[in-house]
1. Can you pull out every residue in the range 115-144 that is part of a strand (DSSP E or B) and at pLDDT below 65?
2. (1) surrounded by fewer than 16 Cβ atoms within 10 Å (Cβ to Cβ); (2) modelled with pLDDT under 80; (3) in contact with a Pro (Cβ under 8 Å, 6 or more places away or on another chain): which one isn't true of residue 60, the others all being true?
3. So residue 16 clears everything in (1) surrounded by fewer than 18 Cβ atoms within 10 Å (Cβ to Cβ); (2) farther than 28 Å from residue 140 by Cβ; (3) in contact (Cβ under 8 Å) with a residue 12 or more places away in the chain except one condition, right? Which one?
4. Could you list all residues from the range 19-62 that are without any contact (Cβ under 8 Å) to a residue 24 or more places away in the chain, within 22 Å of residue 157 (Cα to Cα) and not small (Gly, Ala, Ser)?
5. State all residues of the range 145-190 that are modelled with pLDDT under 85 and either among the aliphatic types (A, V, I, L, M) or in a strand (DSSP E or B) (or both); if no residue qualifies, say none.
6. Please verify whether residue 9 is over 24 Å from residue 88 (Cβ atoms) and either among the polar types (S, T, N, Q) or part of a helix (DSSP H, G or I) (or both), treating the condition exactly as stated.
7. Looking at the range 63-78, which of the residues that are free of Cβ contacts under 8 Å to residues at least 60 places away in the same chain and within 14 Å of residue 155 (Cα to Cα) is farthest from the chain's Cα centre (by Cα)?
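The values are calculated or read from the model by the stated rules, or taken from the named source; none is laboratory data. Because the structure is predicted, anything quoted here is derived from the model rather than measured. Heads up, the Cβs are rebuilt from the backbone with ideal geometry, glycines too, and the neighbour counts pull from every protein chain shown.
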Amino acid sequence: MRYQISGKQIDIGMALQQHVQTELGSVVSKYAERPTDANIVFSRSAHEYVCEATVHLSTGLTATAKAHSTEIYAAFDSCADKMEKQLRRYKRRLKDHHRDRSQPVELFGASSYILAAEESAEDAEPDTLQPIIVAEMESKIPSLSVGEAVMQMELAGAPVLVFRNESKKGLNVVYRRDDGNIGWIDPQNA
């Protein structure tokens, strides 16, 4: 597994990097069979240290965890505990989907845009109906089953996930509803 350990305006020493690699490696290898890479970022928020960890698995799933503490090692240990709990919770589902899938998840390229928010609270008529694009980024759309998409959305902690349905080959969306249930949008292909 490849590790990328960095700090935002914090010097990360070799001892902390070794601690992160051994602890996170043991947690991930315990619950995930083929992790590909891990990205761990340390930062400060007032008097606390913040640790954010993202682990990508070969099945296409991404697990994320975030923790705060007054000590940097305690922040990482808390983050690793959250990651372990998350992977343990989904271990059975991960293994079930892994048996059915012999190849890694297929990804398709797409563009992702961030549009500017309204500048004024007035109901003034805009000069043009074209939105102002603040940022344009590359995004990947995975080819998943509906169950895998829901699991990916929950592991990532995202409110919505766009994916290509493996069985119907069309674009679908799963999202978290206000009532706590999961919604699934499956448009009819004409």
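1. The initial filter retains those residues of the range 115-144 that are part of a strand (DSSP E or B), namely 115, 133-144.
If the condition is that a residue be part of a strand (DSSP E or B) and at pLDDT below 65, then 115 is the only one that fits.
2. Single failed check for residue 60: (1).
3. Against the list (1) surrounded by fewer than 18 Cβ atoms within 10 Å (Cβ to Cβ); (2) farther than 28 Å from residue 140 by Cβ; (3) in contact (Cβ under 8 Å) with a residue 12 or more places away in the chain, residue 16 comes up short only on (1).
4. 54, 56
5. Once the filter is applied, which keeps residues that are modelled with pLDDT under 85 and either among the aliphatic types (A, V, I, L, M) or in a strand (DSSP E or B) (or both), the range 145-190 yields 151, 153, 155, 156, 158, 190.
6. yes
7. Per the criteria, the residue is 66.
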